[in-house]
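What follows is calculated from the coordinates using simple rules that are stated; it is not laboratory data. Since this is a predicted model, take the numbers as computed values, not measurements. Backbone-built Cβ (ideal geometry, glycine too); neighbour counts: all protein chains shown.
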There are 2 protein chains.
Amino acid sequence: MRRIIRVNTRTGEIREFEATPEERRYAGRYYIAKVLVDEVPPTCEPLGRYNKLIISSGYFADTNLSTSGRISIGGKSPLTGGVKESNSGGNAGKKLARIGVKAIILEDIPEREQTRVLYVNADGAKLIDAPHLKGRLVSETFEILRKEFGERKGFICIGPAGEMRLYGAGVALTDDRLEQVRYAARGGLGAVMGSKGIKAIVVDDSKVVEPDYHDPKLLREVVKEVARILLEDPKSQNRRRYGTLDILEMVNRLGFLPTRNFSSGQFEFADNFTGPRVAKLIEERGGCGKNGTPCIPSCTIMCSKVFPDKDGRKLVATLQYESVVLLGPNCGIGDVDEVAELNNLCNEVGVDTIEIGAAIGVAMEAGVIRFGDAQGAKDLLRQIAQGTYLGRIIGNGAAFTGQAFGSRRVPVLKGQAMPAYDPRGLKGNGVLYATSTMGADHTAGNAFETVRTHDPLSREGQVRISRQLQIRAALIDSMGVCLFIRPAFIKNPDLLGALFKGRYGWDLSFKEAKHIGVEVLDLERKFNEMAGVSERFKRMPEFMREEPLPPHNAVFDIPQEELEGIWDIEMDPNVF
Amino acid sequence: MRRIIRVNTRTGEIREFEATPEERRYAGRYYIAKVLVDEVPPTCEPLGRYNKLIISSGYFADTNLSTSGRISIGGKSPLTGGVKESNSGGNAGKKLARIGVKAIILEDIPEREQTRVLYVNADGAKLIDAPHLKGRLVSETFEILRKEFGERKGFICIGPAGEMRLYGAGVALTDDRLEQVRYAARGGLGAVMGSKGIKAIVVDDSKVVEPDYHDPKLLREVVKEVARILLEDPKSQNRRRYGTLDILEMVNRLGFLPTRNFSSGQFEFADNFTGPRVAKLIEERGGCGKNGTPCIPSCTIMCSKVFPDKDGRKLVATLQYESVVLLGPNCGIGDVDEVAELNNLCNEVGVDTIEIGAAIGVAMEAGVIRFGDAQGAKDLLRQIAQGTYLGRIIGNGAAFTGQAFGSRRVPVLKGQAMPAYDPRGLKGNGVLYATSTMGADHTAGNAFETVRTHDPLSREGQVRISRQLQIRAALIDSMGVCLFIRPAFIKNPDLLGALFKGRYGWDLSFKEAKHIGVEVLDLERKFNEMAGVSERFKRMPEFMREEPLPPHNAVFDIPQEELEGIWDIEMDPNVF
């Protein structure tokens, strides 16, 4: 993983570089932060010439480490105006690593509208005009790419939403069989890719580059030990059976499940979406069976499940907790089949389920359609692809939809929609939304895992907890692994340094490895401060601080000053 | 002018205060800046509970000073996110002064949607439910108010756009005969008024409060001398004959007339809009005759003209230069009757002609309708009133429209549309747009007046010039007079201090009076810095720095560092 490919989308020029020793220090989210700070003017227009779309697999993408190979996609976010890294499963991250690619950087924008494919293999990269892909849905695009470039390639693409540069657009990825659709969904990075006229990236790993492990034997041992721990871990076993929906029942019980545009923390039809209920349905309908499949070739947890319709035909893979909640309860929709269809439509159109679910919730409250109107919601998604005026409103996300309809209750922070944890009921996530360099984004340090040890309704200690979680998330995202790997390092902290040693020969203590997370956040914060995007200026929506959330009638009450103090908190460097 | 009326739009409570000696130091724009800094959290939601709509006549509203009585309306701007003061002619400013009202402050927002009228007279104020005014066009609203409250009252209202809280909404005012419609147009303050559920304000001055002049004789003499200078001033005479359109021919000749979404600085049909041409048309059609009428009772310049249609019926009053350019050349529309109709529609719907003209230009470039399609443009304006999806897009202004359609060429700064001077061709206005506390707003220090003494294409000295002009504008806006009064103080600087002496008994040297402008800007900047709205973060659109503007093929090339240095420039305090 030493190749850095820079594509000038204006001139069409492609340059390849061998990563310098300095550059090799960075990977995944860390690499994106570094490039943004070094090369992208923080105040540039997100869809203009000076933003860059940066794609980088994490440190361990070319290893067999469980969950490794997640691909980080980043740039200046159209939604937040600040730094954005969004990572995803799918096979492309690993395939890039297999052909020795550390990063692809898309630069500048074409003078005229373009629809191109970037093809990358072990020998180089080229831009291919692909006008026939213009306006294609995601599944169509993947199918056409497979026909043209062959099976078992890595495919990355945007849908019509990204081509239209709508701020709710994400970047889609898939697996070898085109069965799943995964998304680097958040922050509007699909619009950035669209602005560069790149409809798709094809990664051809039919010829590979041998990885340069420092100590293959050590690496093999550590990888094996991580897999062993995960295999035995009861949470991981639950995830395999129930996917991320595993937590839904508890969130509903605790009362912070976003319902009808964040007006309640409990949904009367939540039972329809619980992990066991959905797993049973999948089994009954002859879907993927009892257990999930990996969203990424390396994964031993395998929480991803194919959800079939009543006739057993694939509807969507996979049904993630956040997607289900934003498109279901948050829109007052209680039927899992409808939600699966909505999720599939988001995937097809190329939009973030969270952002668009929140936008539809706002539109429903504004009376565009009524809460619970699944047909209407599906129509809205189709309208995004059609580029109707209403489609463009919804497709630009929750903040935009709120402005269009003069709404007072818009659940966004730093311009980005809140994920499936109401910050009034899970205050740790309120801290996260308010302080994260990523805006409202649970993946930057989800406090859900703390609900058993810390009262989610209490404001005590939440800022400190969030600081810890954010540091860990930044490290995880730079490693290119899934958050669900954490039991391994909690159980055996030494594995962390050993991984870096085996792969790169670096001698990092646990503390030093952990510190990577701090450095990532420092870089990201530097970019955001220069862009004018910080917790000082972008605050919790006023209704979250004033309107009590049923059933606990809680408001978000952590003082602003305490939130702003998060950067000064010194964390115990020995805790994962 | 000692009464301060505070209206809590949530509780309905109205409280009146006598201005303290400290409060009396502030008026107009200065008073608004002071209230914003003291009372409004800079990061609050512009349409939420914590923003305030502040209405304040200037220092000299209760005198006969020529052009005095302009009303300043302000608050945190939805468009810029920063401080906003927008002032206007019409009779309400003077009438408020006549009943001793220094300021009205609308606070909080109603819990449910409301349509109310605030009635103010010499004895007090009251809120009146007015559901029958909901959704009414501006002229309908004025007519109904006149029927209900009697003739010769001061009327202030919003149109459907403000009720819908669209960011392009302004606040409308009129004269005693409802002949003219004037606007505190910019910054989206109509949406702020709409958020407070106040459809209209009625000022009843049938009973007056005697003004407390310090030295009536001195005041009378100064007022007389100002009027005399203005009467003899050749520029003022031109304005009386040709209105503000007087400058259009020269702007076109110099090549910075925004044309077809700021893609050229000259328009092939500009001749149709020149001052003499339009004045001739008005005369031929039997409009208001050779000369204009005052937009405000005190004015001796009288640049406002009633523009009649082909049958001699009033179409709009008045046709301002900026409105004509944004709705005409900037939309590729060359027919003055069509532009007058568009202007009238803006007035009826309740939107800023500049913001919406720019938004339509962006939409035209995006292909929504073609450039030059006047019927299409009129339809867009009607759609704003109807609240269609497209109407809501356009009605939210140029930046919003640009995002909806993924546009790369959006002429805004600090989120607000640029007025009728392309910053590439009149670089002094580029400096203004980039550095003003008001965002892109010519009224904050229009450099047009310098084109004869400074090459508008040169970047030399423009920042310094703009600093001077911005200080003067801040003073003028606090005095509640029109910029066109300036010949009086240039000819006889002593008149400035004498005015303050005669009215208030203050001993201000010219330099000290002038310094009010500096203090206003300092306060406004303080608010904006805390709101995260500054020239550091909100910059000239990239296309303005890169795309040459025909015919001179100029780009905006004043370095960012030089722009940011504007606040450190010490000005000669003796120049007006």
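Details
- Within the protein assembly as shown, percent of DSSP bridges classed antiparallel, to nearest 5: 80 percent
- Nearby aspartates and glutamates by direct alpha-carbon distance to residue A:538 (threshold 12 angstrom, same-chain neighbours under 8 apart not counted): A:529, A:564, B:45
- Contact order relative to length of region A:3-203, as percent, for alpha carbon pairs under 8 angstrom and 6 or more apart: 23 percent
- Part-to-part distance (alpha-carbon centres) for region B:135-205 and region A:482-507, which is given in Å: 66 Å
- Shape category assigned to chain A from the gyration tensor of Cα positions, a/c cut at 1.5: rounded
- Label positions at residue A:15 and residue A:507, each projected 7 Å from the Cα along the C-beta direction, are separated by 3.7 nm.
- Sorted from shortest to longest, the distances between the residue B:12 label points of this copy and the other copies are 7.1 nm, with each point 7 Å from Cα along the line through the beta carbon.
- Label point distance in nm, residue B:129-residue A:210, each placed 7 Å from Cα along Cα→Cβ: 8.5 nm
- Ellipticity estimate at 222 nm from DSSP helix runs (n ≥ 4, -39,500 (n - 2.57)) divided over chain A, nearest 500: -11500 deg cm²/dmol
- The DSSP beta bridges internal to region A:3-203 are antiparallel in roughly 75% of cases.
- Taking each of A:76/A:196; A:414/A:511; A:52/A:414; B:217/B:491; B:126/B:147; A:95/A:224 in turn, the alpha-carbon distance tops 23 angstrom for A:414/A:511.
- Intensity falloff of region B:393-525 expressed as log10 I(q)/I(0), Debye formula with alpha-carbon point scatterers, at q = 0.10, 0.11, 0.17, 0.20 Å⁻¹: -0.40, -0.47, -0.93, -1.14
- Computed label-point distance, nm, for sites residue A:335 and residue B:455 using a 7 Å Cα→Cβ extension: 7.1 nm
- The Cα center of region A:307-373 and the Cα center of region B:78-115 differ in position by 43 Å.
- Computed on chain B, with alpha-carbon pairs under 8 angstrom and 6+ residues apart, the relative contact order is 16 percent.
- A Förster distance of 22 Å, applied to the separation of the beta-carbon atoms of residue B:148 and residue B:375, puts the FRET efficiency at 0.05.
- Listed by chain and number, the aspartates and glutamates whose C-alpha is less than 14 Å from the C-alpha of residue A:153, apart from same-chain residues fewer than 8 away, are A:143, A:175, A:176, A:179, A:204, A:205.
- Exposure proxy order (Cβ contacts within 10 Å, fewest to most) of A:362, A:208, A:40: A:208, A:40, A:362
- Label points for residue B:506 are taken 7 Å from Cα along Cα→Cβ. From this copy to the others they lie 6.2 nm apart, shortest first.
- Distance from the B-onto-A rotation axis is smallest for the Cβ of the chain B residue given, in whole Å, as B:389, 2.
- Charge dipole (chain A, unit charges on Cβ, about Cα centre) - positive-most of A:251, A:400, A:104: A:104
- Taking 0.36 nm per residue of sequence separation and removing the Cα-Cα distance, the residue B:140/residue B:291 pair yields an extension gain of 51.6 nm.
- Of all aspartates and glutamates in the structure, those lying under 15 Å Cα to Cα from residue A:290, and not within fewer than 8 positions of it along the same chain, are A:246.
- Rounded to whole Å, sorted largest first: equivalent-ellipsoid semi-axes of the protein assembly as shown, Cα gyration tensor: 56, 30, 27
- If R0 is 25 Å, the Cβ-Cβ spacing of residue B:492 and residue B:526 corresponds to a FRET efficiency of close to 0.15.
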